[in-house]
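A short worksheet on the structure shown next.
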Amino acid sequence: MFKELKYLVKLQNIDKELLQINELRGDLPKIVENLNSDINSLEKELGNNRNREKEIILELKNLEGQIADDKEHLKRYQDQLYLVTSNKEYDALTSEIDTVRQEIDNAEYKILGMKEEMENLIEAIKSKDLTLDEKLNELKVRKEQLDSTNQKTNEAQTKLFKSRAEVVKSIPLRYIREYDRVAKAKNGIAIVPIQQIFEEKVDKKGNIEYIPAMVSCGGCSKVVPPQKFFEIRSAKTLIRCEFCGRMLYWDDETSEVRLNNEEEIF
Ligand SMILES: [Zn+2]
């Protein structure tokens, strides 16, 4: 086997172990990431809601102060009504009174709207606080699970990353690029052993013989044509599966597959 191919197989074996470690961690890293992001947005929303709450309290106080002032003005104008001496003065004063009344109405209308907004805000804060608590608790549990899994696997993973880096150094970049591209598309598996299937034949005397029946890709199980099979066995160049694009090699230990077919007698 040419040496780049040997290293590619080695790389794949390391990556398979890394994949197993990731499987062990399962969805936990993603779950923790999602929880963290949910918690962040909840905290931001709660911060905004609480700021708005403070704003409303302040505005309500201002509006109530304004109404109190207006009511005082109104009372003063109304008292003055008894003291007017001309129609012109009377008209001016009633116009002032109308303006102040309108101001009071506007302020009271604003207060109503704000009180309604405040009620909704309090409800929203209560419900978000509750959700935040739940998410924080879940995060704690999930993080503990992830930490314990990480403790078990970190050492192994570090070792694998180290050997991976070493192996990668021995493989030309164009092969690494191809390997990465196929691995990304094919669930991490870029190079697979082919499978040569042998079928069992038993003659009349009971002698068993294994006849080569077909050769297939160990990744997608599609047929590998004979000329490719010989090239793969000679292991002088890199051969790819025509169907799934994975790189193919002959593995002394697993490529020969013997199918037993004891019922069939010839
Ligand atoms: Zn294939």
Residue in segment 243-251 that is more than 11 Å from the ligand (Cβ to nearest atom) and crowded, with 16+ Cβ neighbours inside 10 Å present
yes
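Scanning for something closer than 30 Å to LEU24 by Cα and small (Gly, Ala, Ser), does segment 118-130 turn up at least one residue? Walk me through how you get there before you give the answer.
Initial filter on segment 118-130 (closer than 30 Å to LEU24 by Cα): none.
Looking through segment 118-130, none of the residues is closer than 30 Å to LEU24 by Cα and small (Gly, Ala, Ser).
Matching residues to (1) out of contact with any helix residue (DSSP H, G or I) (no Cβ under 6 Å at 6 or more places or on another chain); (2) part of a helix (DSSP H, G or I); (3) more than 15 Å from ASP129 (Cβ to Cβ):
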{"residue": "LEU11", "(1), (2), (3)": "no, yes, yes"}
{"residue": "LYS30", "(1), (2), (3)": "yes, yes, yes"}
{"residue": "LEU35", "(1), (2), (3)": "no, yes, yes"}
{"residue": "LYS44", "(1), (2), (3)": "yes, yes, no"}
{"residue": "ASN48", "(1), (2), (3)": "yes, yes, no"}
Picking from ALA190, ALA185, ALA213, which residue would you name as being aliphatic (A, V, I, L, M), within 30 Å of ARG25 (Cβ to Cβ) and surrounded by fewer than 16 Cβ atoms within 10 Å (Cβ to Cβ)?
ALA185
Those residues of segment 134-150 which are of a type in the set (Asp, Glu) and under 19 Å from LEU24 (Cα atoms), in sequence order
GLU144, ASP147
Give segment 137-163 a look and list any residue that's surrounded by 13 or more Cβ atoms within 10 Å (Cβ to Cβ), closer than 22 Å to VAL32 by Cα and at pLDDT 95 or above, or say none.
GLU138, LEU139, ARG142, LYS143
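The values are calculated or read from the model by the stated rules, or taken from the named source; none is laboratory data. On a predicted model such as this, the values are computed, not experimentally measured, just so you know. Cβ: placed from backbone, ideal geometry, glycine included. Neighbour counts: every protein chain shown.
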